[in-house]
């Protein structure tokens, strides 16, 4: 049986039992299974439907969406069944798509036509391109993130160590027996495509080469705190800290690379802090590195950084799904805490350890200063990291 993500049942229940009509928006990084999820929903609901992709449609096309809607209306009239389900994939590729969707949706509402709609998009950027304004009150959004260790284990039988290296890209895992081919697929089909199609096609970026270089450096330094000033020293192209900060935010919204802020009760201090780079998926680190699975496991320091990045990616993905979760790091002098999780103004400190070496002075200093609800160790002498990567973060607050 094909693995089905938990979100599938939630979407089916909404479409079947929700008393009001609404547009279901499903968005998230490239190749995490959004289209597959929609196909599974269609198959199991067994209702009349259309699934159309805007991939090859010119961005300036002003009638394509209306044409797909008219086709759906015509098909619904031919069938005695109701409702009818219209799924549009890669909808953000069409200019002013949200205005077009609003016009068709409102027409159906006025004519009391029951056409249910699912919109699929490859980036949270689509929400910032008019969705919240044009379709206010008409949609519900669901973030479909990178696959967790629990999902990759259930679907593909990955060991914890394999997940640290291969990460949560289900489409690439079939190539894991040929590591060079796997790396090429991740770099060319996932990372390059995500940047070129999910960022550069949707947003004005004056210096694409600079943003790509920032992505490479930030991914290579995942799990480490670097000031933008230091990053600029490694960039051949000229830029400023504001430009780099904006580019990092675009990479974060695309589900590729984030920059955690330093924890502080003071908002200004948070925003002025140097970022802690954090990939959303450890496959990104592995795909661009010179390491192999074998050499990584043999290098304890590097392995520890990959494990910490896997923990950080797990936290980031959950914070994208639940807006009440915020992720930070903390550092003061020589004291540091890997992650600070804030949920409804309640904080928990998390320290990742993969060896017996090194103390917990940073955790102890943070506890003394901020008195968090909990201060936990993940790894050695704490919660096993392979268990933590299967946990719902909110459960830590119970």
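No lab work stands behind these numbers, since they all come straight from the coordinates. Only a predicted model underlies this, so the values are computations on that prediction, with no experimental measurement involved. In this analysis, Cβ positions are derived from the backbone assuming ideal geometry, glycine residues included, and neighbour counts consider all displayed protein chains.
Brief remarks follow.
- Using a Gaussian network model of the chain in which every pair of alpha carbons under 10 angstrom is joined by a spring, one finds that among 338, 106, 198 the greatest mean-square fluctuation is at 106.
- Pairwise label distance in nanometres, residue 201 with residue 390, each label 7 Å out on the Cα-Cβ vector: 3.8 nm
- Note on the chain: GNM, Cα springs under 10 Å; of 20, 187, 116, the largest mean-square fluctuation is that of 20.
- Considering only 32, 352, 57, the mean-square fluctuation computed in a Gaussian network model of the chain, springs between alpha carbons under 10 angstrom, is largest for 57.
- Axis of helix 97-110 versus longest Cα principal axis of the chain: the two differ by about 50°, to the nearest ten degrees.
- Look at 391, 110 and count the other Cβ atoms within 10 Å of each Cβ; fewest to most, that gives 110, 391.
- Cβ-derived FRET efficiency at R0 30 Å, residue 179 paired with residue 332, nearest 0.05: 0.15
- Helix 34-45 vs. the chain, principal-axis angle (Cα, 0 to 90°, nearest 10): 50 degrees
- Fewest-first ordering of 308, 162, 151 by other beta carbons within 10 Å of each residue's beta carbon gives 162, 151, 308.
- Residues within the reach of a label modelled at residue 321 (point 7 angstrom out along Cα to beta-carbon, backbone nitrogen below 16 Å), restricted to the range 1-35, are 4-12, 26-29, 32-34.
- Where labels lie 7 Å past Cα in the beta-carbon direction, separation of residue 189 and residue 227 in nm: 4.3 nm
- In plain terms, the bigger the Kirkwood radius, the slower the diffusion; for the range 281-341, with that radius from Cα pairs, at 37 °C and 0.692 mPa s, Stokes-Einstein puts D at 250 µm²/s.
- The length gained on full extension between residue 241 and residue 3, counted as 0.36 nm times the residue separation minus their Cα-Cα distance, comes to 81.4 nm.
- You can think of it this way: the chain between residue 397 and residue 62 has 115.8 nm of extra reach, that is 0.36 nm per residue less the Cα-Cα gap.
- Hull volume per residue, based on the alpha-carbon atoms of the chain and their convex hull, is 155 Å³.
- Shape category assigned to the range 175-301 from the gyration tensor of Cα positions, a/c cut at 1.5: oblate
- Measuring between their Cα centroids, the range 1-62 and the range 349-373 lie 42 Å from each other.
- Residues in the range 296-334 reached by a label modelled at residue 361 [backbone nitrogen below 15 Å; 7 Å Cα→Cβ]: 331-334
- Based on DSSP H segments of at least four residues, each scored -39500 (n - 2.57), the chain has a per-residue ellipticity at 222 nm of -12000 deg cm²/dmol.
- Helix 64-78 axis, angle to the chain major axis (alpha carbon atoms, nearest 10°): 50 degrees
- FRET efficiency for residue 383 and residue 78, using Cβ-Cβ distance with R0 set to 56 Å, rounded to 0.05: 0.50
- Zone residues, the range 161-190, relative to residue 35, backbone N less than 19 Å from point 7 Å out along Cα-to-Cβ: 169-175, 185-190
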